[in-house]
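Read the figures in this text as sums done on the coordinates, not as results from a lab. If you're wondering where the values come from, they're calculated on a predicted model, not measured in any experiment. Here the Cβ is made from the backbone with ideal geometry for all residues, glycine too, and neighbour counts use every protein chain on show.
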Amino acid sequence: MDCLFCKIINGDIPSTKVYENEYVFAFKDINPNAKVHVLVVPKKHIDSIDCADPSNICDIAKVIEAIPVVAKECGLANGYRVITNVGEDGGQSVKHLHFHILGGEKLPVKLA
Ligand code: AMP
Ligand code: ZN
């Protein structure tokens, strides 16, 4: 499958890894929007959170479980924001489910 994040997970494309376990991979965003900007993804390819169903919910839960671990690893003791974009209107540019972790500073612009 021609998926950028699958290639990153497989090591075919380099990334700056910050965390990995059997189900989850986390790496620095190449174009950071905050002092700390990390992407947390399932190793299993899932297009987006819109595809959540009983067959993949355990993989998605593993990603959510990893988020506070990654945040701690990144020193985000003062808080952070988690975002997942979905589809065209949501501004999703890479069609492999990923959660952005943003922090390391007071974040601007709250949409929700
Ligand atoms: P989204 O727009 O929500 O789909 O997020 C995709 C994110 O992937 C963007 O924040 C990009 O900066 C990031 N990105 C794209 N290519 C790479 C790459 N090779 N390594 C790390 N992050 C990337
Ligand atoms: Zn993928």
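What the table below lists for this structure:
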| item | result |
| --- | --- |
| Cleavage-rule hits, trypsin sites (Lys or Arg not before Pro), the stretch 78-112, DSSP coil, Cβ neighbours within 10 Å at most 11 | K106, K110 |
| Which of V94, V41 has the fewest Cβ neighbours within 10 Å, and the rest in rising order | V94, V41 |
| Calculated [θ] (222 nm, deg cm²/dmol) that DSSP helices of n ≥ 4 give over the chain, each run adding -39,500 (n - 2.57) | -7000 deg cm²/dmol |
| Of K62/K110; K28/K95; K7/K106; K35/K72, those spanning more than 23 Å from alpha-carbon to alpha-carbon | K62/K110; K7/K106 |
| Loop GluC sites (Glu not before Pro), the stretch 13-89 (other Cβ atoms within 10 Å of the site Cβ: 15 or fewer; DSSP) | E22 |
| Partnerless Cys - the chain, beta-carbon criterion under 4.7 Å | C51, C58, C74 |
| Helix 57-73 axis, angle to the chain major axis (alpha carbon atoms, nearest 10°) | 30 degrees |
| Over the chain, relative contact order from alpha-carbon pairs under 8 Å, at least 6 apart, % | 31 percent |
| Global geometry of the chain, whether rounded, prolate or oblate, following the gyration tensor of its Cα atoms and the 1.5 cut on a/c | rounded |
